[in-house]
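Structure, as structure tokens:
The values are calculated or read from the model by the stated rules, or taken from the named source; none is laboratory data. This one's a predicted model, so the numbers in the text were calculated from it and none came from an experiment. Every residue, glycine as well, gets a Cβ built from its backbone with ideal geometry; the counts of neighbours run over all protein chains shown. For accessibility, only protein heavy atoms count, side chains too; no ligands or nucleic acids. Shrake-Rupley method; radii C 1.70, N 1.55, O 1.52, S 1.80 Å.
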Amino acid sequence: MNITQYMETHGHEQLSVFTDKAVGIRAFIAIHNTTLGPALGGVRIWPHKTEDDALMDVLRLSRGMTYKSAAAGLDLGGGKALIMASSQDKTEAMMRVFGRFVDSLGGRYITTEDVGATTQDMEWIAQETTHVTGLPVNLGGSGDPSEMTGYGIYRGMKACVMDIWGNDSLAGRTVAIQGFGKVASYLAGHLVEEGARLIVTDINSSALDRAREQGLEVVDDPSAIYGVDCDIFSPCALGGVLNDDTIPRLNCKVVAGSANNQLLDDRHGAMLQERGILYAPDYIINAGGVINISLEMGRPYDEKAATEKVARIYDTVGQVIRIARTENITTARAADRLAEDRIAAMRNLL
Ligand code: NAD
């Protein structure tokens with residue numbers, strides 16, 4: 001891979017490479033764009049097979065963070081870090097060395113949790129740098145972001161329901177949820193409270209037992225969830241689940257869920273639109289977590305202020321739908337447009 005060419009084409013500002021043999025760490029930090037503010041993005045701890053795979057991952061993810069924060073109206077840029085290791089190989093020393101790497105960038109990059117990292121790791125990183133967020137509640141942080149992510153999905157889902165059915169009530173609506181993990185559980189709480197009917201699936205039987213205990217309907221075969229007759233399909237497990245195979249099977253009017261990168265390919269956004277299905281772009285609707293941790297930075301965390309800001313995902317989803325209709329583009333493209341326009345406007349201002 002020609003890295004500088006890839007970075008130029010995709011607008012990346014910086015890629016830093018760090019090693020420390022004594023603690024066994026090899027890490028990359030990618031800064032995509034800092035027009036709106038310092039580049040925020042989690043540290044992923046993952047044993048990629050090759051360095052090329054790891055580099056592509058960190059570069060792609062950092063760009064995604066630029067779009068997510070820009071569209072959410074945050075004064076933050078996009079970045080991401082990647083430690084090439086398995087989370088089992090993590091040590092306090094490794095995380096503290098990583099904290100020093102982050103510190104050496106002088107605040108251009110702010111780290112937080114991602115796949116393979118925990119709030120305990122953030123605590124260790126915080127011994128070495130102030131450029132870390134997503135700390136545990138007992139250290140004045142906002143803790144696990146899943147609750148706010150779940151709330152944001154609920155708010156974004158209501159905006160979609162408003163668009164399709166002319167009022168935003170979820171009472172009596174059927175929602176099929178793929179993956180009953182942390183975010184989906186919080187989401188389900190809001191949906192049940194409002195009187196929605198839930199049908200859930202998961203590959204993990206204990207998650208399904210938990211759903212049954214809560215009185216929810218369960219689909220035992222995970223692949224059957226796509227064909228369930230419902231109003232809203234909510235992918236809350238994996239990326240790439242909206243594709244040539246699954247889209248023709250969907251029996252819903254709205255897709256609104258937390259999983260990242262739900263569309264396998266850009267063209268699947270158009271495929272959903274052709275089938276008359278409204279798609280809530282993933283990075284718009286699942287921004288509750290990043291909005292939440294942004295309110296932890298540089299001030300005491302205020303849960304009420306965070307909740308109010310996350311609730312505005314309702315308005316952002318509405319705005320994306322309007323752009324898509326006006327410009328006759330997919331909602332996924334409209335989301336990109338919203339983010340790009342905000343960055344361009346601020347670039348002119350500065
Ligand atoms: P989680 O691990 O708690 O839950 C995911 C659930 O999906 C698990 O119960 C798992 O068994 C299930 N699952 C995996 N593959 C499946 C399949 N093929 N079919 C059905 N179920 C399957 O994760 P989470 O924190 O709830 O996050 C859910 C999704 O939302 C992930 O894609 C994550 O990247 C995304 N997301 C999470 C947050 C957050 O704040 N946690 C923020 C933004 C995006």
Gly152 passes all but one of the listed conditions (1) surrounded by fewer than 19 Cβ atoms within 10 Å (Cβ to Cβ); (2) not assigned by TED's automatic domain parsing to the domain that holds Ser86; the exception is number (1)
- Message: Being open to solvent by less than 10 Å² (accessible area, probe 1.4 Å) and either β-branched (Val, Ile, Thr) or at pLDDT below 95 (or both) is the requirement here; does Val290 meet it?
- Response: no
The condition of being small (Gly, Ala, Ser), more than 21 Å from the chain's Cα centre (by Cα), open to solvent by 60 Å² or more (accessible area, probe 1.4 Å) and modelled with pLDDT of 95 or more holds, among Ser169, Ser206, only for Ser206
Residue set Ala237, Ala256; condition touching a Cys at 6+ places or on another chain (Cβ under 7 Å) and either under 25 Å from Ser169 (Cβ atoms) or near the ligand (Cβ under 9 Å from one of its atoms) (or both); output residue Ala256
Note on the range 267-286: residues assigned to a loop (DSSP other than H, G, I, E, B) and either on the phi > 0 side of the Ramachandran plot or touching a Ser or Thr at 6+ places or on another chain (Cβ under 8 Å) (or both) are Gly276, Ala280, Pro281, Asn286
Within the range 114-128, the count of residues that are surrounded by fewer than 24 Cβ atoms within 10 Å (Cβ to Cβ) and either charged (D, E, K, R) or assigned by TED's automatic domain parsing to the domain that holds Arg173 (or both) comes to 3
For the range 87-113 the number of residues that are within 26 Å of Asp75 (Cβ to Cβ) and open to solvent by less than 50 Å² (accessible area, probe 1.4 Å) is 10
The lone condition Ala345 fails out of (1) part of a helix (DSSP H, G or I); (2) without any contact (Cβ under 8 Å) to a residue 40 or more places away in the chain; (3) under 21 Å from Thr119 (Cβ atoms) is (3)
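For every residue, the table says whether it meets (1) assigned to a strand (DSSP E or B); (2) in contact (Cβ under 8 Å) with a residue 12 or more places away in the chain.
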| position | (1), (2) |
| --- | --- |
| Glu8 | no, no |
| Ile31 | yes, yes |
| Asp52 | no, yes |
| Arg96 | no, yes |
Expected output for the range 235-252 (first residue more than 16 Å from Val200 (Cα to Cα), partner part of a loop (DSSP other than H, G, I, E, B) and within 10 Å of the ligand (Cβ to nearest atom), Cβ below 6 Å, 6+ apart or cross-chain) is Gly239/Ala259; Gly239/Asn260; Gly239/Asn261; Leu242/Gln262
